[in-house]
Amino acid sequence: QETVKVGIILPVTGEKAKFGEIEKKSFEMALEEINAAGGINGKKLEFLLEDDTGRPDVARSAAEKLITKDKVVMLGGGYGSSETFAIAGVAQQSRIPFLVNTGSDDKITEKKWEYIFRLNPPVSEYPKGLESFLTEVVKPKTAVILYENTNFGSSGSKEFKATCERLGIKVLMMEGYEHGGVDFKPLLIKVKQANPDLVYMISYLMDASLLMRQSLELRVTPKLFVGGAAGFTLPEFQKNAGKASDMVYSATLWYQTLPYPGAKKYFDDFKKKFGVDTEYHGAEAYAAAFVIADALKRTKSMGPEDVRQALAATDMMTVFGPVKFIAYDTMTNQNKLPTYLVQWIDGKLELVWPKDVASKPYVYPIDWEKVWK
Amino acid sequence: MNFFQTHRLVKAFGGLLAVNDLTFEVEKGEIYGLIGPNGSGKTTVFNLITGYYPITSGYIEFQGKRLNGLPTWRVCKQGIGRTFQIVKPLRRMTVLENVMTSAFNRTSREAEAREKALEVLDFCELTKKQDYPAKGLTIGDRKRMEIARALATAPELLLLDETMAGLTPQEQADGVQLIRKVRNSGITIIIVEHIMHVIMNLCDRILCINYGQEIARGTPAEVANNQAVIEAYLGKE
Amino acid sequence: MKSIRWSTLVILLLLAVFPLVIQSDYYRHILIIALMWVVIGSSWNLLSGYTGQVSFGHAIFFGIGAYTAGLCTTQLDISAWYGMLLGGPVALLIGLVIGWICFRLRGPYFALATIAVGEIFRLVATEWVDFTEGMQGILIIQTFRSKIPYYYLALGLAAACIYSIHTVMNSKWGYYFLAIREDQDAAEALGISSFRYKSLSLMISAFFTGLAGAFYMNYMAFIDPQVVFSLHFISIMAILVGIIGGVGTLWGPPTGAFIMVLLQETFRSAFFGMLPKWVSEAHVLVFGLLVIFVIRYMANGIVGDWGKIRQVFSGRKASPSAGSGN
Amino acid sequence: MLRMENVNAGYGDVQVLWDVSFEVKAREFVVLVGANGAGKSTIMKTISSLLHPTSGTIWFEDQRLDHVQPYHIIDVGIAHVPEARQLFPEMTVLENLEMGSLCARAKPHRKESIEWVLDLFPRLRERRKQLAGTLSGGEQQMCAIARGLMSKPKMLLFDEPSLGLSPLLTQEIFRLASKIHGEGMTILMVEQNVKQTLAICDRAYVLENGRIALEGKGRELLENEEVKQAFLGI
Amino acid sequence: MEVLIQTLVAGILMGGIYALVGLGMTLIMGVMKIVNLAHGQLMMIAMYITFVLFDHFHIDPYFSLLVSMPALFLLGAFIQKYLLNPLLKVDSILPENQVLMTVGIGMILTEIVRFIFQSDYKSVKTSYSFSTMYLGTISFNTSMVVAFCIAVLLTGGLFFFLAKTDVGKSVRATAQNKDAALLMGVNAEWITILTYGLGAALVAAAGTLLLPIYYLFPDVGGRFTLKAFVITILGGMGSTVGAIVGGVFLGIAESLGATYISMALSDAVGLVIFLLVLIFLPGGLKKLTKI
Ligand SMILES: Nc1ncnc2c1ncn2[C@@H]1O[C@H](COP(=O)(O)OP(=O)(O)OP(=O)(O)O)[C@@H](O)[C@H]1O
Ligand SMILES: Nc1ncnc2c1ncn2[C@@H]1O[C@H](COP(=O)(O)OP(=O)(O)OP(=O)(O)O)[C@@H](O)[C@H]1O
Ligand SMILES: [Mg+2]
Ligand SMILES: [Mg+2]
């Protein structure tokens, strides 16, 4: 039987494999559903998964292989921003469409590369959902920004600083750190000294939980802690940080209770199938699979130019929200999505902002002494 | 001006004075013997001359030039070659390569170095073994190679540290011949050795030290009959 | 130390016609990467295998070369190709400074110092955001869409590197390098300034590694500090290339480079998709096993122990090998 | 006490010992002489099992030694003072001596033994806290011999004990060897100081290219023309 | 002032953990002269053992020391016997072959763990995970205080072992001259196996004690290997007291660096000190403290 081949590049080994795994499973889950529902106009859809091991040079090799050897009709995946860049470079040059679903550096869609499409919002927009919350509810005067100095962390922190300045919030301190640290206390001592209203942290999973645990130890008590997505929304964060995770806010791109068709079902099915929780990365991947299938169903031929046009004409609903690739600000082929605010309340992650989609009312102000008892 | 001299040379290791106020001079063309009990500081003197250890005080002069503070390799360039008490062959290089390496001291051309090396090997009667890797040599041959290597740097002063230890009497006799030959080719030699008949046979003058200090000096006969030397070093036979 | 033989010319010729015969950009890409590793591995071997100063920090020079090229574009607004001119010399100068610091140390201490310096470079490149763009890395646009120019450039670089090393090793310097490796004290006594010659060896080594880095920038069009200054993916990989191929031999590192790059790619892609997926997931495991196997049974690498390997296959008994092959 | 029968041994493919047979009786002082590379040290290593023979047997009292592990040798009662000293360079002289008395036989007497050997070598007493690696050549040799004595052995293997020692010390060491021998110790010694050793030993073997070439009483060999020519350079 | 004191406290407590990591290394690298690039990976294995014991059998991490240390001892002994010892018998051009072997071992350990546990982050949460003691406004993390005390105890034990016992002396002797050790009746092979095993067991203690305050994933080891080198060189090769002094020194330096320079450069602070010590104080702090 003839198949339609699409290359998917994800880190399934190496340090980033944790999220690569979730995305890989989501892609596979989606693939089963797509093929069960008739595939691509009767042809079977096939995902050729390549491991980029979290390294740009390997990602590039993988892309080269998929394009020239396997002759895939398009590419998907792209987890780390650096790897995504490397893949995008090859894709653009070889004129093969590439749908990015996680790599979030703004620059990826700022190059006017017509073959590169992005499903997820760029990192600068992650705190958009937070913005209205701050202006309407908290009205903080001062803030501290902590970030891991990866591509994701440093560009995110810059954007948030700009946001703060726009909102008239004084940034008392903005400091990066090398991820994987054991002892964040020296950093947090300084935060305590600065005594800000808001602590905004862009951290991956375990740094996030250590930051909160050690804040508890040192009794760092701003009006609120907010995570910039990534680590703060995962179940492991709560598991590791325990009571230190309580009442912590986080920006997020997605939440299972959002009123998108199939969102809750995807979340439940994933849990049933693999026995573990999924989160926004998984939803991105799952949605990307359907966007790919949709475009391939609509394309005139499997030639790259036709596929590109089909992708560009996408206008559909997914578990991750509506998908439509447009040009706005400095970006092209970028999907525009709202972002949200979640909060850990009594050990559960709840969607708290915007109010109209909230799964539970937000808790504010917070009495840390009581929470951390 | 002496060809080579040390003046009030001192070397301290922590509190231990391994060389203590040692002054001696060597004339061009002679074979000068340095003897003394074990641990009296002979090897240390060599290490001071060749710059392995910094000098605590005093100075060393060679052909009117101070050697103090010169790094080892510069001392060699000045024209002083040495052998090691514990031989240090370049193990994975052949005998020829070993000697060529030191022949490069005076030339940068490979062919010239090879020629010089072959000449020295012939002189030291090692030609037959030139293609052996150095690690496969017997002790006797290793010591020969040490000498050959030191010679190939074209030294004017050669420091020999116990080159005869561990050789059979027959081999020692050959060694004595070799050293004579070296001297006859115009090279000055300072020799450290515990084997008395070698020292007595070879040396023009001898300095005997103990605890880093001079206890006697003079011709072989004078030193051999010196009471202090007999007590500290030679013993009664 | 034999002169270059006709077999070398045959290999060169085969490599030269390869991209004309094989049309797949994928295979060309793999060969380009392999050739780049030939340069890095051979350079590492000059310093570590021939001169005995085992470096765990060659990523420094690779990174410096890559960043020199990248910064040409971001800071000076000139083509990253100028990096091919500047990358080598800049790496060489940095090498001189690093040598000045680290050559006071011997053996494992030297190795540890190079690890530390390498990590410091990585951290600085990460932190000095204004200058290096930090973790955002440097992204340029590739000049050529075809692989062919990159291929011949890499081939030329590899050939120049091997030829230079061959020439150096047959000169006075070569003898001096080996002497320092075998016994530094003895070498000093023979009039060899170990510091000077170790520095020379490092400078040549850094120069070519820097060129490889500059090439990488131009070819990959994207770099960031975690990649080009990586301890694991550059420094240790350089050692693996050297050791598996055979340290202290001219053809060892090139052999090692091809084996490592090809194996890595083969396993990563699960034998080009012919084997089940878990093979791909296990590729680091297989790598580790390979390393252990080679070190355990072929201590001098594939080229260094070639005699031994041949004998195993022809069923004869191995005899102790003599001297360093070349 | 020690008997070697038809031993062949070597390193890798290179055979060094060819069909070597000899014996050392209890309380005897036997010397091995031979040119460089004749295989003297190899014989010593074979006895102390650092090297296993390819064929042949070695008996010590009633035990076969040819395939035991080297670390059992000291329990059997043999102390090997190896060529080139082989001290533990980063341990003090005292610690080196203590290492000599690890075996069950010697351990209880460690304190007395240390005093005893330090009396034998006053120089070592001066240097007892110094790291062995920084001792002069001769001091190291003394330390190695002293360490060998620490195990209260039944038999001592000396490999060129006078190498690098001053004439005075050389005499002292030979005197010492005679003294220990006089007190009932069995000794097998390799020496290049042929004249002096042959004068004090009971019997000697001459080794040539890995084969036993001559055997005889020390004094007799000293008169032997072949020996004179080969070793005394006369 | 409070900032400074809290920074110092954080540094000293971190130093306790570092000392534990360095202690195993000082035995393996300082005494045995094996540059062990698999050190962190051994620690990682110990952490997984602790994790499994906690997760499946609900055994407290402090009790699982009794399992993780012996288990790592066996693993270390296995590595030494079958992988490292055979290397001593071959004549290779670079003595650093052995270093590479440990790189390979590290890779394999990591990948095996990844095979079993995937790349997921794991952590254990005990009743005392959040326990903190306060002295005025200065906080002391209880788990770290305990780790510090155990580090002191183990250092004392190891010091006594190496300096005063015959087996300990045999360990040093074997490292310095294997043939001579054999002649002294030391079963040298067994001693090397014992030493590496002990080193592995010590780093296992570090891993187990770190787990309650940290987390684990297959790649957790690498950064600790580097720390271990820094500490060992800082403290002086083979010096047990040096390991704890070096550990605390590094902890304080990093903390001060993080507070007063930048958190992101705190690792660099450690590395720069490392280089300075290597170059200007060869022999490390041992040279100053003489132990
Ligand atoms: N690096 C060092 N540190 C401390 N003491 C040292 C060092 N090198 C030598 N010594 C001491 O200095 C003294 C002189 O040693 P040296 O090696 O010069 O003696 P030597 O005369 O050559 O003896 P031998 O004839 O036994 O070779 C000895 O007591 C020795 O212990
Ligand atoms: N470890 C080794 N590997 C290979 N060959 C060796 C080894 N040790 C010794 N040989 C060789 O074995 C032969 C005998 O050596 P041995 O050390 O027994 O001689 P020896 O009689 O003790 O000489 P010397 O007087 O020089 O000590 C020599 O040819 C030597 O090169
Ligand atoms: Mg001496
Ligand atoms: Mg011998």
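Checking region A:39-60 against the condition returns no match, with no residue being away from chain C (no Cβ under 11 Å), free of Cβ contacts under 8 Å to residues at least 40 places away in the same chain and either outside any loop (DSSP other than H, G, I, E, B) or touching a helix residue (DSSP H, G or I) at 6+ places or on another chain (Cβ under 7 Å) (or both). From the list A:E136, A:E131, A:E114, the lone residue that is over 30 Å from E:A10 (Cβ atoms), more than 19 Å from the chain's Cα centre (by Cα) and either part of a helix (DSSP H, G or I) or not acidic (D, E) (or both) is A:E136. Per the listing B:I199, B:I189, the residue uniquely away from ligand 2 (no atom under 16 Å from the Cβ), in contact with a Pro (Cβ under 8 Å, 6 or more places away or on another chain) and either at pLDDT below 90 or open to solvent by less than 20 Å² (accessible area, probe 1.4 Å) (or both) is B:I199.
The set of residues in region B:140-178 that are free of Cβ contacts under 8 Å to residues at least 24 places away in the same chain and within 16 Å of ligand 3 (Cβ to nearest atom) is empty. On the stretch given as region B:25-40, residues that are at positive phi and more than 13 Å from ligand 3 (Cβ to nearest atom) total 1. Taking residues in region A:75-95 that are under 17 Å from A:V6 (Cα atoms), and partners anywhere that are open to solvent by 10 Å² or more (accessible area, probe 1.4 Å) and of a type in the set (K, R), the pairs with Cβ atoms closer than 7 Å and at least 6 places apart or on different chains are A:Y79/A:K16.
Is it the case that some residue within region B:81-94 is open to solvent by 50 Å² or more (accessible area, probe 1.4 Å) and within 16 Å of ligand 4 (Cβ to nearest atom)? The answer is yes; a qualifying residue exists. Name every residue in region C:70-127 that is small (G, A, S), touching a Ser or Thr at 6+ places or on another chain (Cβ under 9 Å), over 20 Å from C:P225 (Cα atoms) and facing chain E (nearest Cβ under 10 Å), in order of residue number. The answer is C:A111, and nothing else.
Hey, among the residues in region D:9-55 that are part of a strand (DSSP E or B), away from chain B (no Cβ under 14 Å) and closer than 19 Å to D:L221 by Cβ, which one's nearest to ligand 2 (Cβ to nearest atom)? Ranking the candidates gives D:V20 first. Which one is most open to solvent (accessible area, probe 1.4 Å) among residues in region B:62-79 that are within 9 Å of chain C (Cβ to nearest Cβ) and in contact with a helix residue (DSSP H, G or I) (Cβ under 8 Å, 6 or more places away or on another chain)? Result: B:P71. Scanning region B:151-158 finds one or more residues that are in a helix (DSSP H, G or I), under 13 Å from the mean Cα position of the chain (by Cα) and crowded, with 18+ Cβ neighbours inside 10 Å. Restricted to region D:124-148, and to residues that are assigned to a loop (DSSP other than H, G, I, E, B) and within 13 Å of chain B (Cβ to nearest Cβ), which residue is nearest to B:T44 (Cα to Cα)? Among residues in region D:124-148 that are assigned to a loop (DSSP other than H, G, I, E, B) and within 13 Å of chain B (Cβ to nearest Cβ), the one nearest to B:T44 (Cα to Cα) is D:S136.
Within this structure, A:A293 fails the test of being in a helix (DSSP H, G or I) and closer than 26 Å to A:V123 by Cβ. You will find that of D:S166, D:S151, D:S162, the residue that is touching a helix residue (DSSP H, G or I) at 6+ places or on another chain (Cβ under 8 Å), away from ligand 1 (no atom under 14 Å from the Cβ) and facing another protein chain (nearest Cβ under 9 Å) is D:S151 and no other. Taking the listed residues E:T232, E:T192, E:T240, the one that is away from chain A (no Cβ under 14 Å), touching a residue at least 60 places away in the same chain (Cβ under 8 Å), more than 30 Å from E:E111 (Cβ to Cβ) and among the β-branched types (V, I, T) is E:T240, with no other qualifying.
Looking only at residues that are without any contact (Cβ under 8 Å) to a residue 40 or more places away in the chain and assigned to a loop (DSSP other than H, G, I, E, B) in region B:7-37, which one is farthest from ligand 4 (Cβ to nearest atom)? By that ranking, first place goes to B:G15. From the list B:T107, B:T56, B:T43, B:T83, the one residue that fits, being within 16 Å of ligand 3 (Cβ to nearest atom) and out of contact with any Gly (no Cβ under 8 Å at 6 or more places or on another chain), is B:T83. On the basis of being of a type in the set (A, V, I, L, M, F, W, C), open to solvent by less than 10 Å² (accessible area, probe 1.4 Å) and either within 9 Å of chain C (Cβ to nearest Cβ) or in contact with a Lys or Arg (Cβ under 6 Å, 6 or more places away or on another chain) (or both), does A:F98 make the cut? In short, no. Screening region E:1-116 for helices (runs of 4 or more DSSP H) wholly inside it with 1 or more residues that are at pLDDT 90 or above returns the ranges E:2-25, E:39-57, E:61-79.
Based on this model, can you work out whether D:V68 counts as over 15 Å from the mean Cα position of the chain (by Cα), surrounded by 17 or more Cβ atoms within 10 Å (Cβ to Cβ), away from ligand 2 (no atom under 16 Å from the Cβ) and closer than 15 Å to D:L188 by Cβ? The answer is no for D:V68.
Within region D:76-85, is even one residue of a type in the set (A, V, I, L, M), within 14 Å of chain B (Cβ to nearest Cβ), outside any strand (DSSP E or B) and within 13 Å of ligand 4 (Cβ to nearest atom)? Within region D:76-85 (the criterion being of a type in the set (A, V, I, L, M), within 14 Å of chain B (Cβ to nearest Cβ), outside any strand (DSSP E or B) and within 13 Å of ligand 4 (Cβ to nearest atom)), the answer is yes, since at least one residue qualifies. For region D:113-123, the criterion of a residue being more than 11 Å from every other protein chain (Cβ to nearest Cβ) and within 16 Å of ligand 4 (Cβ to nearest atom) is satisfied by no position. With a requirement of 3 or more residues that are more than 30 Å from D:L51 (Cβ to Cβ) and in contact (Cβ under 8 Å) with a residue 12 or more places away in the chain, the helices (runs of 4 or more DSSP H) lying completely within region E:125-185 that satisfy it span E:142-164. Residue count for region B:23-48 under the criterion of being surrounded by fewer than 23 Cβ atoms within 10 Å (Cβ to Cβ) and among the aliphatic types (A, V, I, L, M): the result is 1.
Pairs meeting the criteria (first residue in region D:165-180 and on the phi < 0 side of the Ramachandran plot, second residue outside any helix (DSSP H, G or I) and surrounded by fewer than 20 Cβ atoms within 10 Å (Cβ to Cβ), beta carbons under 7 Å, at least 6 apart or on different chains) are D:P167/B:G235; D:L168/B:G235; D:Q171/B:G235.
The values are calculated or read from the model by the stated rules, or taken from the named source; none is laboratory data. Values in this document were obtained by computation on a predicted structure and should not be read as measured data. FYI the Cβ positions are ideal-geometry reconstructions off the backbone, even for glycines, and counts take in every protein chain you see. Accessible surface areas use protein heavy atoms only, side chains included; no ligands, DNA or RNA. Shrake-Rupley method; radii C 1.70, N 1.55, O 1.52, S 1.80 Å.
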